[in-house]
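Please treat every number below as a calculation from the coordinates, not as lab data. Just so it is clear, the structure is predicted and the values come from calculations on it, not from any experiment. All Cβ positions, glycine included, derive from the backbone under ideal geometry; neighbour counts span all protein chains shown.
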Amino acid sequence: MSKIPRNFKLLEELEKGEKGLGAESISYGLTNQDDITMTNWNGTIIGPPHSNHENRIYSLNITCDNNYPEKPPKVRFVSKVNLPCVDPHGNVLVNEFDTLKNWKRSYSMETVLLELRKSMASPANKKLTQPAEGSTY
């Protein structure tokens with residue numbers, strides 16, 4: 001089976017993100033439309049209902065370096081959030097977040113954002129006290 005080259009995979013993800021073809025609870029796109037390397041991305045997660053994240057919008061930075069999609073992207077929250085898989089600087093910790101720890105080439109930025117949202121809604125995390133809305137790292 002042949003592997004899709006990095007740029008083709010990222011172009012596919014960009015098209016899906018820009019056209020809003022994925023889940024309505026998340027969005028993602030290039031930070032700078034002139035970034036021909038497609039390295040730096042912005043992501044948004046709308047907090048899940050029935051949790052302390054409800055009605056909040058979380059902004060993230062996603063970095064897809066030259067190793068992507070063989071290796072997971074680097075993911076960092078811009079909006080402050082209290083989750084066990086996020087360090088005091090907003091970085092999503094690879095070893096604490098199964099999607100990054102058990103990364104598969106078939107995963108995408110959409111997968112990461114949806115799994116982070118699912119983590120927010122988990123019984124262990126949905127009632128965690130959250131920083132003031134609008135606060136950033």
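Here is a check on your reading of the model: is L10 over 13 Å from the mean Cα position of the chain (by Cα), under 17 Å from K104 (Cα atoms) and in contact (Cβ under 8 Å) with a residue 40 or more places away in the chain?
Working: over 13 Å from the mean Cα position of the chain (by Cα): yes; under 17 Å from K104 (Cα atoms): yes; in contact (Cβ under 8 Å) with a residue 40 or more places away in the chain: yes.
Spelling it out, L10 is indeed over 13 Å from the mean Cα position of the chain (by Cα), under 17 Å from K104 (Cα atoms) and in contact (Cβ under 8 Å) with a residue 40 or more places away in the chain.
Do you know which residues across the range 15-24 are among the hydrophobic types (A, V, I, L, M, F, W, C) and either under 13 Å from P73 (Cβ atoms) or more than 14 Å from the chain's Cα centre (by Cα) (or both)? Let's see the steps before the verdict.
At the first step, the residues of the range 15-24 found to be among the hydrophobic types (A, V, I, L, M, F, W, C) are 21, 23.
Within the range 15-24, L21 is the sole residue that qualifies.
Rundown of residues vs (1) surrounded by 13 or more Cβ atoms within 10 Å (Cβ to Cβ); (2) free of Cβ contacts under 8 Å to residues at least 60 places away in the same chain; (3) touching a strand residue (DSSP E or B) at 6+ places or on another chain (Cβ under 9 Å), yes/no style:
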residue	(1), (2), (3)
L30	yes, yes, yes
T37	no, yes, no
N52	yes, no, no
N66	no, no, no
N95	no, yes, no
K101	no, yes, no
S106	no, yes, no
T111	yes, yes, no
A121	yes, no, no
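Give just the number: which of (1) touching a Leu at 6+ places or on another chain (Cβ under 9 Å); (2) farther than 20 Å from N40 by Cα; (3) among the basic types (K, R) does R76 not satisfy?
The single condition R76 does not satisfy is (2).
Exactly one of these conditions fails for C85: (1) closer than 17 Å to W41 by Cα; (2) touching a helix residue (DSSP H, G or I) at 6+ places or on another chain (Cβ under 7 Å); (3) free of Cβ contacts under 8 Å to residues at least 60 places away in the same chain. Give me its number.
Going through the list (1) closer than 17 Å to W41 by Cα; (2) touching a helix residue (DSSP H, G or I) at 6+ places or on another chain (Cβ under 7 Å); (3) free of Cβ contacts under 8 Å to residues at least 60 places away in the same chain, C85 breaks only (1).
Which of the residues belonging to the range 84-137 are aliphatic (A, V, I, L, M) and either at positive phi or in contact with a Lys or Arg (Cβ under 6 Å, 6 or more places away or on another chain) (or both)? So that I can check it myself, show each step before the final result.
Here is the first cut: in the range 84-137, the residues aliphatic (A, V, I, L, M) are 86, 92-94, 100, 109, 112-114, 116, 120-121, 124, 128, 132.
V94 - this is the single residue of the range 84-137 that is aliphatic (A, V, I, L, M) and either at positive phi or in contact with a Lys or Arg (Cβ under 6 Å, 6 or more places away or on another chain) (or both).
Quick check on this structure: which one of I46, I4 is over 21 Å from P131 (Cα atoms) and surrounded by 13 or more Cβ atoms within 10 Å (Cβ to Cβ)? I'd like the intermediate steps shown before the answer.
Details: I46 fails: over 21 Å from P131 (Cα atoms).
Exactly one residue qualifies, and that residue is I4.
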